[in-house]
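Enquirer: The following block contains the structure, expressed as C-alpha cells.
The values are calculated or read from the model by the stated rules, or taken from the named source; none is laboratory data. In this text, all values refer to a predicted model and were calculated from it rather than measured experimentally. Neighbour counts run over all protein chains shown; Cβ positions are idealised from the backbone, glycine included. For the accessible areas, the whole protein counts, side chains as well, though only heavy atoms, and no ligand, DNA or RNA atoms are used. Shrake-Rupley method; radii C 1.70, N 1.55, O 1.52, S 1.80 Å.
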Amino acid sequence: MIELPFRFRRLRRSEGLRRLVRENALATDDLILPIFVEEKIGQPVPIISMPGVFRYPEAMLGERVARAWSKGIRAVILFGVSHHKDVRGSDSWSPDGLMARMIRAARAAAPDMVVISDNCFCEYTDHGHCGVVDGEQVLNDDTLANLGLQALVAAQAGVDMLAPSGMMDGTVRTLRTTLDAAGFTQLPIMSYSTKFASAFYGPFRDAVDSGFKGERSSYQMDIANGREAVAESVLDEEEGADILMVKPGMAYLDVLHRIRERCSRPLAVYQVSGEYAMIKAAVAAGVMDERALVLETMVAFRRAGADLVLTYYAEQIADWLRAG
Ligand code: PBG
C-alpha cells in the first residue's frame, strides 16, 4: 500500500455514494422546447438536417404543445415560419399575425405551459435579416422601434415571457420601457444576451426555410471574443433582463462559466440546431450512444453554470429522466 494524500475513489465505489455527492443534476423543469410553426402547410414537414424535428401546421400547434405538456415539458419557445414576409417583417407585429396567433393557440392548449416567444424578424422579413435593412446594414434603432411593437402584440396575445434574439444594442432597455409603459410590468424578458455569429445555426436556417445566405456578423457576436461576451450579458442584466442566455452551447462553455461568475440572474444556454444535428449524425453513424451523449452535454451545461437549457432534445430528455 502506498500512502496517498487523498483517495477520490472512495466516494466512487457505489452508485449510492456517487449519487450522494453528485454536484449537478438535470431536471425536466429546467428544459425549454423550441417549436416551429409554418403557415400554409397541411401536414408536419420534417426538417431534413434535424432528424425528428418538424415544422408544424398552425392547426396542429395546440396538439403539439399538449403533447409536450403530457411528457412533462413546462416551457416552450415558439418560432414562426411566415408566408407573409415583407421588407420590415410587419406580420410579426400584426395583432392577427402569426406570432400573435401562435401564442394564443399555445396558451389555449396548455394553460399552465410557460409560453415564450422568440422575438426577432428574420422569419418575417423577405431578406432574412433580423431587422430593418439599409443596403447591407441592419439599422439598430429602427429595428428596436419595430421590436417594441412586436413585443406589445406578443404581450397582448398572452405570452408568458419574451425572448429577444436579434442582438440589437439597447434591446432589453427598450423592451422594458415599452412594456412597463403599457402596463406589462410583470412580463419577464429572457434575453439572448450573448449570442455569437455561429456556424452552428446552419440547420436552423433550413428549419425556418429562410433561404438566408447572408451573414449576421454586424450584429451577432464575434466568436473570438470572450471579454465582450461577458460584457454583453452584464449590460443586459443592468438593463433589466430577467434571464440571460448564451448561444450556442457546447463550444461556449467558457463563456457560460464566466457569465455565471459575474451575473446573478438565471442563465440559460441554447443547444442550437447544429449541435443537435451533429449528435444525430454521430448516432446515425453508429459511433456514439445518443442517451449518454445528450445527458453528458446537459450536465456539462449545468456544471458550466447554466440554470436552463433550450434544446430540441427536451422531450426525449424528459423521457430518459422519467425512465431513470
Ligand atoms: C433568430 C434565431 C436564430 C436561432 C434562434 N433564433 C438564427 C440565427 O440567429 O441565425 C438559432 C437557433 C438554432 O440554431 O437552433 N434570430
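Enquirer: Could you please give the count of residues in segment 36-55 that are outside any loop (DSSP other than H, G, I, E, B), within 16 Å of the ligand (Cβ to nearest atom) and touching a Lys or Arg at 6+ places or on another chain (Cβ under 6 Å)?
Expert: 2
Enquirer: Restricting attention to segment 95-124, which residues are out of contact with any Leu (no Cβ under 8 Å at 6 or more places or on another chain) and of a type in the set (D, E, K, R)?
Expert: Those that are out of contact with any Leu (no Cβ under 8 Å at 6 or more places or on another chain) and of a type in the set (D, E, K, R): ASP96, ARG101, ARG104, ARG107, ASP112, GLU123.
Enquirer: Pairs please, first residue from segment 260-284 and part of a strand (DSSP E or B) and modelled with pLDDT under 95, second anywhere and within 13 Å of the ligand (Cβ to nearest atom) and open to solvent by 10 Å² or more (accessible area, probe 1.4 Å), Cβ atoms under 8 Å, 6+ apart in sequence or on different chains.
Expert: Sorted first by the residue in segment 260-284, then by its partner, the list stays empty.
Enquirer: Which residues, taken from segment 185-208, are within 21 Å of HIS257 (Cβ to Cβ) and more than 10 Å from the ligand (Cβ to nearest atom)?
Expert: Hits for segment 185-208 are MET190, SER191, SER193, THR194.
Enquirer: Okay, next question. State whether the residues of segment 206-226 include one that is at pLDDT 95 or above, surrounded by fewer than 17 Cβ atoms within 10 Å (Cβ to Cβ) and not in a loop (DSSP other than H, G, I, E, B).
Expert: No - not one qualifying residue is present in segment 206-226.
Enquirer: Quick one: ASP242 ticks every box in (1) away from the ligand (no atom under 16 Å from the Cβ); (2) more than 15 Å from the chain's Cα centre (by Cα) bar one, so which box is it?
Expert: (2)
Enquirer: Read through the list (1) under 19 Å from VAL114 (Cα atoms); (2) open to solvent by 30 Å² or more (accessible area, probe 1.4 Å), then give the number of the only condition that ALA318 fails.
Expert: (2)
Enquirer: Quick one: count up the residues across segment 57-81 that are assigned to a strand (DSSP E or B) and within 24 Å of VAL269 (Cα to Cα).
Expert: To start, the set of residues in segment 57-81 that are assigned to a strand (DSSP E or B) comprises 57, 75-81.
Then drop every residue that is not within 24 Å of VAL269 (Cα to Cα), which leaves 75-81.
Residues meeting the conditions: 7.
Enquirer: Which members of segment 168-184 meet the condition of being assigned to a loop (DSSP other than H, G, I, E, B) and either open to solvent by less than 10 Å² (accessible area, probe 1.4 Å) or within 13 Å of the ligand (Cβ to nearest atom) (or both)?
Expert: Filtering segment 168-184 down to residues assigned to a loop (DSSP other than H, G, I, E, B) leaves 168-170, 182-184.
MET168, the sole residue that qualifies.
Enquirer: Condition first: over 14 Å from the mean Cα position of the chain (by Cα) and buried (at least 21 other Cβ atoms within 10 Å of the Cβ). Now tell me which residues in segment 66-80 satisfy that.
Expert: ALA68, ILE73 - these are the residues of segment 66-80 that are over 14 Å from the mean Cα position of the chain (by Cα) and buried (at least 21 other Cβ atoms within 10 Å of the Cβ).
Enquirer: Looking at ASP160 and the list (1) open to solvent by 20 Å² or more (accessible area, probe 1.4 Å); (2) charged (D, E, K, R); (3) over 16 Å from ILE77 (Cα atoms), which single condition is not satisfied?
Expert: (3)
Enquirer: For segment 85-123, give me the residue count where each residue is outside any loop (DSSP other than H, G, I, E, B), in contact with a Phe, Trp or Tyr (Cβ under 7 Å, 6 or more places away or on another chain) and either on the phi > 0 side of the Ramachandran plot or not polar (S, T, N, Q) (or both).
Expert: Of the residues in segment 85-123, 2 are outside any loop (DSSP other than H, G, I, E, B), in contact with a Phe, Trp or Tyr (Cβ under 7 Å, 6 or more places away or on another chain) and either on the phi > 0 side of the Ramachandran plot or not polar (S, T, N, Q) (or both).
Enquirer: On to the next question. Might you let me know whether segment 289-302 holds any residue that is closer than 24 Å to ASP209 by Cα and either surrounded by 18 or more Cβ atoms within 10 Å (Cβ to Cβ) or over 18 Å from the mean Cα position of the chain (by Cα) (or both)?
Expert: no
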